[in-house]
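The values are calculated or read from the model by the stated rules, or taken from the named source; none is laboratory data. Every value quoted in this text rests on a predicted model; they were computed, and no experiment measured them. We place every Cβ from the backbone using ideal geometry, glycine too, and count neighbours over all the protein chains shown.
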Amino acid sequence: MKEPIVQVENVFKHYKQSQGNFSGRDAYVKAVNGVTFSLYEGESFGLVGESGSGKSTIGQVMLQLIQPTSGVVKYKGRDVSTFSRKERKAWRKDVQIVFQDPYSSLNPKKTVGWILNEPLQIHKIGDKSYRKQKIMQTLEEVGLDASYLNRYPHELSGGQRQRVAIASAIILNPELIVIDEGVSALDVSVQAQILNLLKSLQRKYHLTYLFISHDLNVVQYFCDRIAVMYLGELMEIGKTEELGTKPKHPYAEALFSSILMHNEAENRIVLEGDLPNPSNPPAGCPFHSRCIHKMDICKTTKPANQYLGGQHQVSCHLYSENQSIQNA
Amino acid sequence: MSTPLLAVENMNVTFQFADGKYKALEDITFSVFPDEVIGIVGESGCGKSLTSQAILGILPDNAAVKQGKVSYKEKDLLKYNEREWQQVRGKEISIIFQEPMTALNPLLTIGKQISEVLKKHTNLSKSERKKRTIEMMQEVGLPRAEELYKAYPHQLSGGMRQRVVIAIALIAEPDLIIADEPTTALDVTIQAQVLELFRKIKLQRKSSMIFISHDWGVIRHVCDRVLVMYAGHIVEEGTVSEILKHPKHPYTKGLIQSIPDHRKRGMELYTIPGKVPSLQERKGGCPFADRCLERMEQCGELYPESRLLEGTHAVKCHLYTKSGVTTS
């Protein structure tokens with residue numbers, strides 16, 4: 001097995017919610033509730049879940065764009081919160097992020113050339129002529145050319161903007177890129193172009209991707225491993241071929257059965273109810289309120305993480321050892 | 001075959017901009033039969049929503065139907081004045097929009113917004129209206145209907161809001177429902193619930209539907225027939241299973257091939273070169289000619305006539321016109 005490039009260990013992120021109530025007690029939105037996983041070099045790791053499941057928060061905690069309430073993020077074995085200022089700046093070059101909406105992530109008042117020059121300037125890389133050459137090279141790499149240098153983001157189509165966002169992410173030769181719903185806003189034909197681009201860049205530069213998406217078709221196509229999140233917790237992690245075809249967790253099962261392109265209507269599992277409010281998640285297993293296999297233990301006790309052989313992990317009482325003994 | 005409920009014939013819609021007039025829809029011809037759910041699929045900017053707006057007479061101020069006929073129950077809707085329109089919208093034909101938060105009035109209760117349709121279109125008394133509204137709310141799967149009757153839209157989740165919008169569209173028992181990306185803004189498991197509701201409506205109510213979506217999975221799940229739109233034209237139509245299995249138009253083929261899924265993992269995705277042309281960039285001839293890999297000499301000049309291949313499967317492409325030459 002390769003070395004993990006990132007280890008996320010028991011990370012919590014709770015947001016204080018100003019309620020304006022008279023009880024004087026603060027409410028907390030439990031965006032991430034004890035999440036542990038590792039990213040290995042050169043892999044595409046998919047993080048799926050519905051809105052409010054905490055997937056974007058994980059991506060941002062991983063890059064230290066927000067601080068976790070508790071828990072540790074390690075980069076190549078070292079706790080990133082212990083980095084000195086200098087180390088942190090150097091590390092920032094290695095880790096990049098591409099957001100969903102390039103309309104709001106690119107500065108509308110700056111040209112594409114300026115946007116791509118900025119990271120090089122901040123990290124004092126090369127002289128002017130080197131930077132120019134590097135910008136040109138990067139533009140070509142993402143399928144654009146010199147004619148884009150003096151254009152502004154509003155002059156570009158959605159796909160072109162996302163290419164610029166990718167260019168600004170790869171220009172510092174990073175090792176890890178978080179792609180947060182990076183292709184979700186694009187039309188199918190453009191989405192295919194961007195997915196191909198990301199794959200070819202990954203092969204060329206041996207990039208590691210944390211690929212956050214709600215689109216299961218895209219994740220199953222793109223990722224080597226998939227983690228399924230629900231209400232701030234990981235329900236299941238496994239290789240795409242295992243998890244995608246034979247999900248174990250009842251939530252993952254319902255999620256993957258809802259892929260409409262290949263599943264017949266009668267095989268689909270339609271969950272009842274809405275996602276509970278993350279400031280007041282159900283006790284015990286967070287999914288028990290919607291689970292069709294719910295047992296008594298699920299309402300009171302949080303299931304522990306179980307290994308199902310290899311790297312396949314699931315958090316569900318259906319698979320816990322005690323439970324199987326009780327059933328037997 | 002029975003007489004169509006709605007027949008759109010050779011409809012053109014033109015936008016008036018400061019720099020001139022641009023054709024946004026051209027040669028739109030299709031029929032919706034009783035009990036039929038017809039899908040309109042295509043990428044953004046292809047004219048899917050504009051088609052539904054033209055049918056309902058709710059085009060933007062700078063757009064107008066320049067040519068063609070829209071017959072509903074054999075009456076020409078385009079000749080209707082605003083007074084006559086008001087008798088049609090909501091009662092005969094209703095529409096469900098993508099974003100329920102903008103479709104609902106934030107200042108009025110759910111009950112008031114649903115029962116308003118009855119006030120407008122029926123002679124029911126106030127208490128009868130309330131009774132009918134609560135029945136309707138239960139029918140679309142809104143829990144605790146009595147209680148929610150007095151709730152405001154912001155108190156509801158996205159999935160519940162969309163159920164309210166659907167209740168508004170259904171309550172006057174229209175014969176034709178237009179649903180414009182009704183599940184696009186919803187999470188996967190909530191989308192599954194709402195699609196189930198549409199299937200139920202289809203089975204129980206026997207009303208016809210026009211279902212607009214960019215998502216082939218959704219189309220496959222709900223629709224009987226589908227129209228594929230590209231750059232303001234219907235380029236192909238037929239039964240959903242026929243089009244998915246045997247797409248004929250190079251655009252349809254490309255669109256279906258570029259959808260990612262787990263079976264294509266590790267392979268490069270098929271992409272359609274270029275992007276959808278803007279209104280200003282559109283030229284004569286086949287609208288897809290510039291991006292088509294099977295382009296022939298006449299494609300740049302001659303507009304391909306619609307050709308019926310078999311059953312209801314029709315395509316507008318010179319590859320399928322007799323000996324590659326149009327007859328008109």
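I need the full set of residues from the range A:239-272 which are in a helix (DSSP H, G or I), more than 18 Å from A:S53 (Cβ to Cβ) and more than 9 Å from chain B (Cβ to nearest Cβ), in order please. Those that are in a helix (DSSP H, G or I), more than 18 Å from A:S53 (Cβ to Cβ) and more than 9 Å from chain B (Cβ to nearest Cβ): A:E242, A:E266, A:N267.
If you check A:E266, A:E272, A:E236 for being within 25 Å of the chain's Cα centre (by Cα) and either surrounded by fewer than 17 Cβ atoms within 10 Å (Cβ to Cβ) or in contact (Cβ under 8 Å) with a residue 12 or more places away in the chain (or both), only one passes: A:E236. Looking at (1) in a helix (DSSP H, G or I); (2) more than 8 Å from chain B (Cβ to nearest Cβ); (3) not β-branched (V, I, T), which one does A:A192 not meet, given that it meets all the others? The failed condition is (2). Listed by position, the strands (runs of 3 or more DSSP E) inside the range A:1-102 whose residues that are within 14 Å of chain B (Cβ to nearest Cβ) and touching a residue at least 60 places away in the same chain (Cβ under 8 Å) number at least 3 are A:44-48. The set of residues from the range B:101-116 being closer than 19 Å to B:E146 by Cβ and not in a loop (DSSP other than H, G, I, E, B) comprises B:I110, B:G111, B:K112, B:Q113, B:I114, B:S115, B:E116.
Mind telling me which of the residues B:E294, B:E242 ends up being among the charged types (D, E, K, R), at pLDDT below 95 and over 30 Å from A:Q202 (Cα atoms)?
Details: B:E242 fails: at pLDDT below 95.
Residue meeting the stated conditions: B:E294.
In the range B:13-87, counting only strands (runs of 3 or more DSSP E) that sit wholly within it, the ones holding 1 or more residues that are without any contact (Cβ under 8 Å) to a residue 60 or more places away in the chain and more than 22 Å from B:T239 (Cα to Cα) span B:20-32, B:63-72. All of (1) of a type outside the set (S, T, N, Q); (2) within 14 Å of another protein chain (Cβ to nearest Cβ); (3) under 17 Å from A:T57 (Cβ atoms); (4) in contact with a Ser or Thr (Cβ under 8 Å, 6 or more places away or on another chain) hold for A:V228 with one exception: (4). Residues of the range A:182-197 that are without any contact (Cβ under 8 Å) to a residue 60 or more places away in the chain and under 15 Å from the mean Cα position of the chain (by Cα): A:V183 alone. Filtering the range A:79-115 to residues that are closer than 28 Å to A:Y40 by Cβ, surrounded by 13 or more Cβ atoms within 10 Å (Cβ to Cβ) and among the basic types (K, R) leaves A:R88, A:R92, A:K93.
Can you tell me which residue within the range A:273-303, out of those that are among the charged types (D, E, K, R) and within 21 Å of B:L186 (Cα to Cα), is nearest to the other protein chains (Cβ to nearest Cβ)? Step through it out loud before you land on a result.
Here is the first cut: in the range A:273-303, the ones among the charged types (D, E, K, R) are A:274, A:290, A:294, A:296, A:299, A:302.
So of that shortlist, the ones also within 21 Å of B:L186 (Cα to Cα) come out as A:274, A:290.
Values: A:D274: 5, A:R290: 8 Å.
Within the range A:273-303, the match that is nearest to the other protein chains (Cβ to nearest Cβ) is A:D274.
Could you say whether any residue in the range A:166-176 is more than 21 Å from A:L39 (Cα to Cα), touching a residue at least 24 places away in the same chain (Cβ under 8 Å), more than 12 Å from every other protein chain (Cβ to nearest Cβ) and not in a helix (DSSP H, G or I)? Among the residues of the range A:166-176, at least one is more than 21 Å from A:L39 (Cα to Cα), touching a residue at least 24 places away in the same chain (Cβ under 8 Å), more than 12 Å from every other protein chain (Cβ to nearest Cβ) and not in a helix (DSSP H, G or I), which makes the answer yes. Out of B:E236, B:E305, one residue alone is of a type in the set (D, E, K, R), more than 13 Å from every other protein chain (Cβ to nearest Cβ) and assigned to a strand (DSSP E or B). It is B:E236. B:T189 meets each of the listed conditions (1) assigned to a helix (DSSP H, G or I); (2) modelled with pLDDT of 90 or more apart from (2).
Can you spot a residue in the range B:204-224 that is more than 14 Å from chain A (Cβ to nearest Cβ), of a type in the set (G, A, S) and in a loop (DSSP other than H, G, I, E, B)? Checked against the condition, which is being more than 14 Å from chain A (Cβ to nearest Cβ), of a type in the set (G, A, S) and in a loop (DSSP other than H, G, I, E, B), the range B:204-224 yields at least one hit. Among the residues that make up the range A:32-39, is at least one of them within 30 Å of B:H262 (Cβ to Cβ) and hydroxyl-bearing (S, T, Y)? Yes: one or more hits. With respect to A:I179, determine if the residue is in a strand (DSSP E or B), within 13 Å of chain B (Cβ to nearest Cβ) and in contact (Cβ under 8 Å) with a residue 12 or more places away in the chain. So A:I179 does not fit the description; no. Restricted to the range B:278-302, and to residues there that are touching a residue at least 40 places away in the same chain (Cβ under 8 Å) and surrounded by fewer than 19 Cβ atoms within 10 Å (Cβ to Cβ), the residue that is nearest to the other protein chains (Cβ to nearest Cβ) is B:S278.
Considering the range B:243-277 alone, what residues qualify as being assigned to a loop (DSSP other than H, G, I, E, B), facing another protein chain (nearest Cβ under 7 Å) and not aliphatic (A, V, I, L, M)? Even if it seems obvious, please write down each step before you answer.
Residues of the range B:243-277 that are assigned to a loop (DSSP other than H, G, I, E, B), as a first pass: B:246-249, B:258-261, B:265-277.
Subset that is facing another protein chain (nearest Cβ under 7 Å): B:258-261, B:265, B:268-272, B:275.
Answer for the range B:243-277, where residues must be assigned to a loop (DSSP other than H, G, I, E, B), facing another protein chain (nearest Cβ under 7 Å) and not aliphatic (A, V, I, L, M): B:S258, B:P260, B:D261, B:R265, B:E268, B:Y270, B:T271, B:K275.
Within the bounds of the range B:162-182, is there any residue that is part of a helix (DSSP H, G or I), without any contact (Cβ under 8 Å) to a residue 40 or more places away in the chain and either within 13 Å of another protein chain (Cβ to nearest Cβ) or surrounded by fewer than 23 Cβ atoms within 10 Å (Cβ to Cβ) (or both)?
Just the residues of the range B:162-182 that are part of a helix (DSSP H, G or I), to begin with: B:162-170.
Then drop every residue that is not without any contact (Cβ under 8 Å) to a residue 40 or more places away in the chain, which leaves B:163.
Still in the running and either within 13 Å of another protein chain (Cβ to nearest Cβ) or surrounded by fewer than 23 Cβ atoms within 10 Å (Cβ to Cβ) (or both): B:163.
Within the range B:162-182, one or more residues are part of a helix (DSSP H, G or I), without any contact (Cβ under 8 Å) to a residue 40 or more places away in the chain and either within 13 Å of another protein chain (Cβ to nearest Cβ) or surrounded by fewer than 23 Cβ atoms within 10 Å (Cβ to Cβ) (or both).
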